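The values are calculated or read from the model by the stated rules, or taken from the named source; none is laboratory data. Small disclaimer: the values here were computed from a predicted structure and weren't measured. Here the Cβ positions follow ideal geometry from the backbone for every residue, glycine too, while neighbour counts run over all protein chains shown.
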Amino acid sequence: MRREEIFETVREILAEVLNRPVEITPETRFEKDLEVDSLRAMEILAAVEDRFDITVPINVLNEIRTVGDLVKEIEKLMEGDHGHL
Amino acid sequence: MGIFDKFSKLAAQLNQVRALFGGFNVVIEKIISPTEAIVNGQKVILAGTNNYLGLTFDKACIEAACAAIRAEGTGTTGSRMANGTYHSHVALEQELSEFFGRRATIVFTTGYAANLGVLSTLVGRDDLVLLDADCHASIYDGTRLGGVPVYRFRHNDVEDLEKKLRRLREKNPSANILIVVEGLYSMLGDRAPLADIAHLKEKYGAYLLVDEAHSLGVLGEKGRGLAEEAGVEDKVDFIVGTFSKSLASIGGYCTSNYEELELLRYASRPYVFTASLSPANIAAARAALRIIRERPELKERLWQNAYQLYGRLKELGFELGPEPSPIVAVRFRQPEKALKTWYGLLERGVYVNMVLPPATPGGEALLRASVSAAHTPAQIAAISEAFAALA
């Protein structure tokens, strides 16, 4: 899957979970710009895992602040290039 | 920017509560019995103590603790690895092994340290941890201290667990995967679907650790916890627990059929770099463990009380946890309503635990009542009546 496709799928997931259309760029910050709280973050994570058939380690969650961070993490996990994975 | 500026949001919330109620830090001015205390100059029924079997004032436990202090002193002043392993520490470990029917047991200084000590050491960087999202902070902290990859599945969701096991197994055919769940979850008092989880553990060649902190002495015919009740003790590789609930003392343990568990003593920082349990705590825990074996009627009484309180609060229309258990959690969508009810209960002479987000699952607020075998039917009725007045 190309980065643009991942980005588009993430946009769809955010719109579904936040229940509103969202304008995002790779620089959009989850907490500051989209006002995603920890509960919504869990829902977004679950949807991302199901849609991409990956499992995201919670260790990396603190590092994911922007949409771009998430897209990169999804790319890594889909390639199976995550540490020991 | 001062070093405390990061707490400004917390400080504002605290001030808000103080303005309304004058604060919510409860000081037990005098403890009267396992179920009664003086708070704010007033006698209250304690319904939020984890004192499931009500043994904190048991005569045998008190005598044992006093005798231990006289014989062995007030503290060990040393690590288990140095001068802090007394005969009584070893005896308690053997008694726990016998109680659980397992080969090896390690005693830690608190339940928190037991999870920290086991999870930070047992799981290495090439292993994976898969834990229930509602697991206790000590489980999360243990994996953080170990710096290992951690994945979580939705609370009590066997389907989600299997999905994650399948994905992780496909990508890591030979990795050790440790599944971590709890017997009774401390916030809502619900059990893990342990038979199903044990089945998945076998299917995907994983290990299984169950934290029985709230279920020791509470679940299972012999009081060994959910693994016993669910009939899957042979599939549970590690049990972690605490002495600070049913055993009315303080301390923690891990027990296993793997004799290699002993190796953790030499590698576990929370085991090595802290002083060992005081002789009094060890003696009280040993006496309480004997009582669990000898007086099964305490567990019966505990459950009668649990059913009575759960049933009555349900009748009153409160939103409760999914199943009756000694932890009766009353759920509030508005934290303010929980605060008001909590304070109202205290004014009516009933103390329960209040748990606010983010310590709660799902962002709701909880009033967490816990019952004890030591509560009389009249006390359970009084607790129910206090809730009824605020319903």
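Any residue that is assigned to a helix (DSSP H, G or I), without any contact (Cβ under 8 Å) to a residue 60 or more places away in the chain and crowded, with 20+ Cβ neighbours inside 10 Å - is there at least one of those in segment B:264-271? No - not one qualifying residue is present in segment B:264-271. Of the residues making up segment A:11-50, those that are among the basic types (K, R) and either part of a loop (DSSP other than H, G, I, E, B) or away from every other protein chain (no Cβ under 14 Å) (or both) are A:R11, A:R20, A:R29, A:K32.
Checking each residue of segment B:156-176 against the condition of being of a type in the set (A, V, I, L, M), in contact with a Gly (Cβ under 9 Å, 6 or more places away or on another chain) and either over 23 Å from B:S244 (Cα atoms) or more than 9 Å from every other protein chain (Cβ to nearest Cβ) (or both) gives no match. For the structure I just gave you, tell me whether B:L366 is touching a strand residue (DSSP E or B) at 6+ places or on another chain (Cβ under 6 Å), away from every other protein chain (no Cβ under 14 Å), of a type outside the set (G, A, S) and buried (at least 19 other Cβ atoms within 10 Å of the Cβ). Yes, satisfied.
Picking from residues in segment A:61-78 that are modelled with pLDDT of 90 or more and in contact with a helix residue (DSSP H, G or I) (Cβ under 7 Å, 6 or more places away or on another chain), the one that is farthest from the other protein chains (Cβ to nearest Cβ) is A:V67. Identify all residues within segment B:309-350 that are of a type outside the set (A, V, I, L, M), closer than 13 Å to B:S384 by Cα, in contact (Cβ under 8 Å) with a residue 24 or more places away in the chain and in contact with a Ser or Thr (Cβ under 8 Å, 6 or more places away or on another chain); write none if there are none. The one that is of a type outside the set (A, V, I, L, M), closer than 13 Å to B:S384 by Cα, in contact (Cβ under 8 Å) with a residue 24 or more places away in the chain and in contact with a Ser or Thr (Cβ under 8 Å, 6 or more places away or on another chain): B:R312.
Of everything listed in (1) assigned to a strand (DSSP E or B); (2) more than 21 Å from B:E233 (Cα to Cα), the single unmet condition for B:L145 is (1). Of all the criteria given as (1) at pLDDT 95 or above; (2) under 21 Å from the mean Cα position of the chain (by Cα); (3) within 9 Å of chain A (Cβ to nearest Cβ), the one not satisfied by B:L128 is (2). B:G142 - would you say it is at pLDDT below 95 and in contact with a Gly (Cβ under 9 Å, 6 or more places away or on another chain)? Judged against the criteria, B:G142 is not a match.
Checking B:D157, B:D134, B:D126 one by one, the residue that is assigned by TED's automatic domain parsing to the domain that holds B:L194, among the acidic types (D, E) and either crowded, with 20+ Cβ neighbours inside 10 Å or in contact with a Phe, Trp or Tyr (Cβ under 9 Å, 6 or more places away or on another chain) (or both) is B:D134 and no other. Screening B:A91, B:A37, B:A71, B:A65 for residues that are farther than 30 Å from B:R265 by Cβ and of a type in the set (G, A, S) leaves exactly one candidate, B:A37. The single condition among (1) aromatic (F, W, Y); (2) under 23 Å from B:Y266 (Cα atoms); (3) touching a residue at least 60 places away in the same chain (Cβ under 8 Å) that B:Y140 does not satisfy is (3). The combined condition, being among the basic types (K, R), out of contact with any strand residue (DSSP E or B) (no Cβ under 6 Å at 6 or more places or on another chain) and crowded, with 24+ Cβ neighbours inside 10 Å, is not fulfilled by B:K299. Selection of segment A:51-60 for residues being at the interface with chain B (Cβ under 7 Å from one of its Cβ atoms) and either charged (D, E, K, R) or touching a His at 6+ places or on another chain (Cβ under 6 Å) (or both) yields only A:D53. In summary, strands (runs of 3 or more DSSP E) completely within segment B:4-56 and bearing 3 or more residues that are buried (at least 17 other Cβ atoms within 10 Å of the Cβ) and touching a residue at least 24 places away in the same chain (Cβ under 8 Å) occur at B:42-46. Screening B:L96, B:L92 for residues that are touching a residue at least 24 places away in the same chain (Cβ under 8 Å) and more than 18 Å from B:E228 (Cβ to Cβ) leaves exactly one candidate, B:L92. Per this entry, B:P322 is counted among residues that are more than 26 Å from B:K43 (Cα to Cα), assigned to a loop (DSSP other than H, G, I, E, B) and modelled with pLDDT of 95 or more. If you go through segment A:51-69 and keep only what is more than 21 Å from B:T143 (Cα to Cα), in a helix (DSSP H, G or I) and not basic (K, R), you end up with A:F52, A:V67, A:G68, A:D69.
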